[in-house]
1. For residues that are open to solvent by 10 Å² or more (accessible area, probe 1.4 Å), within 19 Å of Arg81 (Cα to Cα) and either within 16 Å of the ligand (Cβ to nearest atom) or among the hydrophobic types (A, V, I, L, M, F, W, C) (or both), tally how many sit in the stretch 25-37.
2. If I go through the stretch 40-54 residue by residue, how many of them are open to solvent by less than 50 Å² (accessible area, probe 1.4 Å) and not aromatic (Phe, Trp, Tyr)?
3. How many residues, within the stretch 38-73, are more than 12 Å from the chain's Cα centre (by Cα), under 19 Å from Gln86 (Cβ atoms) and near the ligand (Cβ under 8 Å from one of its atoms)?
4. So Glu127 passes all but one of these: (1) in contact with a Leu (Cβ under 9 Å, 6 or more places away or on another chain); (2) surrounded by 13 or more Cβ atoms within 10 Å (Cβ to Cβ); (3) not aliphatic (A, V, I, L, M). Which condition number does it fail?
5. Keeping to the stretch 155-197, report how many residues are open to solvent by 30 Å² or more (accessible area, probe 1.4 Å) and part of a helix (DSSP H, G or I).
6. For Pro11, are the conditions met, namely being modelled with pLDDT under 95, part of a helix (DSSP H, G or I) and over 19 Å from Leu224 (Cβ atoms)?
7. Would you say Met67 is farther than 18 Å from Val162 by Cβ, open to solvent by less than 60 Å² (accessible area, probe 1.4 Å), touching a Ser or Thr at 6+ places or on another chain (Cβ under 9 Å) and not β-branched (Val, Ile, Thr)?
Amino acid sequence: MRFGRNMLFDPEKTIIRLFEVSKHYGETDALVDITFDVRRNEFFFISGPSGAGKSTLMKLLYLGEPMSSGYAIVDGMNLTRIKKKQIPLLRRRLGIIFQDYRLIPGKSVFDNVALVLEAAGVASRREIRDRVMEVLEKVGMADRPDVCPPTLSGGEQQRIAVARAMVGRPSIILADEPTASLDPESAETIFDLLVAAHDEGATIVITTHDRYLLSKGCTGIVYLKNGRCIHSDGVDR
Ligand code: ADP
């Protein structure tokens, strides 16, 4: 039994809880009554065909969009009641990766990653340098901190995006179709980096319809279709 608002809520174990969450864009029902839990340190997939509502669900989790109705808790923060000034606090607990990388083209690789720490109020230049170089090392991009993203391949840009997602040591990494624009080899590298972040303790939530990723296995999965959850699977607890 994975689900239900009345299920005992233990914030030590449950990092995301959605209960009957819906999102409407005008007449379009992008999501209808979505209910599921993600436990701490899960490697969790949200799958389903194009237009199913996967990206919309991600946007609700990082409050890129407000829900229309329902109830959601993300790492202890109640998204239904969250105040505007608390949103940066929520975002600091999240690392977000997009299909189209979303790096700042005119800033160096180093600065793209450093921005996260600056926004979080890390004042020490030395700490920023050490932490940025540590994550660039992890993603295999420490040799090119000064180049700008447009000179890099898609796979390399996504590695920088993973570094940016990891540098703030977030409790949750949200990856929205992270390999959809990549060749198979780069996709594998990105997947391996997400596995490494998971091994270090992060909760990973990935939207994907990529058979390669789905074949790699996970601890839990929900399938969406036309905005509805049509199937879910996971380890009982
Ligand atoms: P997926 O990520 O699974 O491809 P999306 O979450 O992007 O699906 O879209 C789900 C549904 O919501 C689609 O019907 C889409 O057209 C609609 N939708 C998504 N974003 C918007 C928006 N900003 N305005 C209106 N409709 C939207």
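The values are calculated or read from the model by the stated rules, or taken from the named source; none is laboratory data. Everything numeric here is computed off the predicted structure, so don't read it as measured data. Reconstructed Cβ throughout: ideal geometry from the backbone, glycine too, with neighbour counts over all protein chains shown. Accessible surface is based on the protein model in full, side chains and every heavy atom, while ligands, DNA and RNA are left aside. Shrake-Rupley method; radii C 1.70, N 1.55, O 1.52, S 1.80 Å.
1. Here the count works out to 1.
2. 7
3. So the answer is 1.
4. The number of the failed condition is (2).
5. 11
6. Against the criterion (modelled with pLDDT under 95, part of a helix (DSSP H, G or I) and over 19 Å from Leu224 (Cβ atoms)), Pro11 does not qualify.
7. Judged against the criteria, Met67 is a match.
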